[in-house]
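Asker: Sharing a structure, written as structure tokens. Questions coming.
The values are calculated or read from the model by the stated rules, or taken from the named source; none is laboratory data. Just so you know, these numbers come straight off a predicted model, no measurement behind them. Cβ placement follows ideal geometry from the backbone for every residue including glycine, while neighbour counts extend to all protein chains displayed.
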Amino acid sequence: MDKDKQIQKIDKLSLKKLSENSSLAKRGLRDLGIWPKIQTLLKEIEEQYFAHNYQACLNLCNELLSTEPHSFSVITFKGLSLIRLENYEDAIICFDQLLEEKADFEIALSNKGLCLLKLGKHHEAITFLKKALSIMVLEIWTGI
């Protein structure tokens, strides 16, 4: 777009790139106001999760993650929805992704521990649950 908010002509190479990567096209449409804004989708994700519509929430998370792959809150809702849908292996992948970014994120630690328990990996689960508990106790004790 130029200064006058007019759509500029795109060369063929750019069109080819857009067709190969739909996330770029969606991001462009979002910028133009044609595709739903991120905040609108985040609100809908939250509403679907708390309405216990976990599959709808998961679908919205996947839609938003296709253009915003590192959205911390969306990955969290995706992992929580996967737990409710009893897909523990994929939920663990989400929580691992969150823990790569923030190693002391107690929600990811405790939910990964829960998933591991559900999968019968008790010794591994205890490690994550202990770490989550120690973080929560420290936060309560220090008043953070």
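Conditions (1) of a type in the set (D, E); (2) over 27 Å from Q39 (Cβ atoms), marked per residue:
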position	(1), (2)
S73	no, no
T76	no, no
L82	no, no
L85	no, no
I93	no, no
E100	yes, no
K112	no, yes
L116	no, yes
H122	no, yes
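Asker: Same structure again: Is there a residue in region 65-78 that is part of a helix (DSSP H, G or I) and of a type in the set (K, R)?
Answerer: Keep residues of region 65-78 that are part of a helix (DSSP H, G or I), which gives 65, 72-78.
Adding the requirement that they be of a type in the set (K, R) leaves 78.
Yes, the conditions are met somewhere in region 65-78.
Asker: Something else about it: Does I75 satisfy the criteria of being touching a Phe, Trp or Tyr at 6+ places or on another chain (Cβ under 9 Å) and closer than 26 Å to A51 by Cβ?
Answerer: Values: touching a Phe, Trp or Tyr at 6+ places or on another chain (Cβ under 9 Å): yes; closer than 26 Å to A51 by Cβ: yes.
Spelling it out, I75 is indeed touching a Phe, Trp or Tyr at 6+ places or on another chain (Cβ under 9 Å) and closer than 26 Å to A51 by Cβ.
Asker: OK, next. Kindly list the number of the only condition in (1) surrounded by 11 or more Cβ atoms within 10 Å (Cβ to Cβ); (2) among the charged types (D, E, K, R); (3) modelled with pLDDT of 85 or more that fails for E89.
Answerer: Answer for E89: the failing condition is (1).
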